[in-house]
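Reviewing the structure listed below.
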Amino acid sequence: MNVRSLISLLSLAAATTLAAQTSPAPTPPMGWNSWNHFAGKVTDVDVRATADQLVSTGMRDAGYVYVNIDDTWQGKRDASGIIHANEKFPDMKALADYVHSKGLKLGIYSGPGEQTCAHYEGSLGHEAQDAQTYAGWGIDLLKYDLCSFSKQMAAERAAHPDDPKAATKLMIAAYKKMGDALRATGRPILYSLCQYGLEEPWKWGPQVGASMWRTTDDINDTWARMFIIAQSQSDLAPFAGPGHWNDPDMLEVGNGGMKTEEYRQHMTLWAMLASPLLAGNDLTKMTDADKSILMNRDVIAIDQDPLGKQATRLYQHGDISVWTRPLTGNRIAVALVTASWGERNIQFDLAQAGFPSGANVRDVWAAKDLGHQQGIFTGTVRQHGVMLLILSK
Ligand code: GLA
């Protein structure tokens, strides 16, 4: 390597480190989002109750600090184009003050098109104005959802039949426009892209100012959908790191559609994937099982590990897979995962996981040290279940 390329490599590394330090997301963002449970019914009252619950349940102290209002808060624009909230949110600034008074942050939602997915007002043509409005209210995060912008993309495609990338370029420009508008407000507003992984946002997300980007279409509260999403993430590991995260969508833990063991698998996979952890349940109705899953400090610590390395699949044989994730302190997290209807013995070679002379093994969900182990490790995993281990020297 010549001196010039060494210098440019070093300055790239320095710029990346600086970006990570100044990013609002040095580790994956954690909080709550209204969509998975409340969808179009969310109100100011629900958001305040959620903020209260985040504090009283211990969720905030476990790291869940963003309270994100998803689609359906928008009202009309006034004569000067300024967006106002609808009757469900009588005073957005007062709501932000309330959320902040609890030591939490407030997130909001819009999109680059004329309309959002739920057919509320989008930001097209009002990007700078909307960013200023959000900053004035005291907003801390914006989720920006593609939806009706597909209309503009179709028109662009038709106008440039010779350029197969024309629509993609238009979409990236639209995301950059809002990213720039947020930055111009001077308020740190975490920018969360939502365009379902179209056109590989992990490759251009950081350049438009994003701290996270959805990698798939929507999750729902079924084990099958959750599992398909998780299984599609392994190749994206190189694109996650301090400051910028792949987002396989919000959590469904506590919404009732999966068994406890399945929710434990969901939480484990999201933590292994260094995913943002955005709870999506009604926090006023949490069971002890929901709390034990969402607030397991050791699992959260894996998600939030400062190295920021996303897990990859060590192997997959039919219904079983083994995932590994490097952690600080030369430790490795290992998840033994099954999609099977029955109990399975899942094996992996400690040497292949980076411990040729054996490792101290901790079973994270059981909160039990399994002592020093060598060679082949075998874990028994229940139906749709998981065993989560930390290996150390
Ligand atoms: C899309 C997004 C969801 C949610 C809804 C709201 O489907 O992917 O996460 O924001 O829109 O309408």
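The values are calculated or read from the model by the stated rules, or taken from the named source; none is laboratory data. Everything numeric in this text was worked out from a predicted model, so none of it was measured. Cβ atoms come from the backbone with ideal geometry, glycine included; neighbour counts cover every protein chain shown. What goes into the accessible areas is simple: the full protein's heavy atoms, side chains included, and nothing from ligands, DNA or RNA. Shrake-Rupley method; radii C 1.70, N 1.55, O 1.52, S 1.80 Å.
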If you go through region 316-326 one residue at a time, do you hit one that is over 17 Å from the mean Cα position of the chain (by Cα), aromatic (Phe, Trp, Tyr) and open to solvent by 10 Å² or more (accessible area, probe 1.4 Å)? no
As an exercise: evaluate ALA274 against (1) open to solvent by less than 10 Å² (accessible area, probe 1.4 Å); (2) more than 15 Å from the ligand (Cβ to nearest atom); (3) in a helix (DSSP H, G or I) and give the number of the one condition it does not meet. (3)
For MET387, work out the one condition from (1) closer than 27 Å to LEU278 by Cβ; (2) assigned to a loop (DSSP other than H, G, I, E, B); (3) of a type outside the set (D, E, K, R) it doesn't fulfil. (2)
Can you report the number of residues in region 188-207 which are farther than 18 Å from ASN68 by Cβ and aliphatic (A, V, I, L, M)? 1
Mind listing whichever residues of region 22-36 are within 16 Å of the ligand (Cβ to nearest atom) and part of a strand (DSSP E or B)? GLY31, TRP32, ASN33
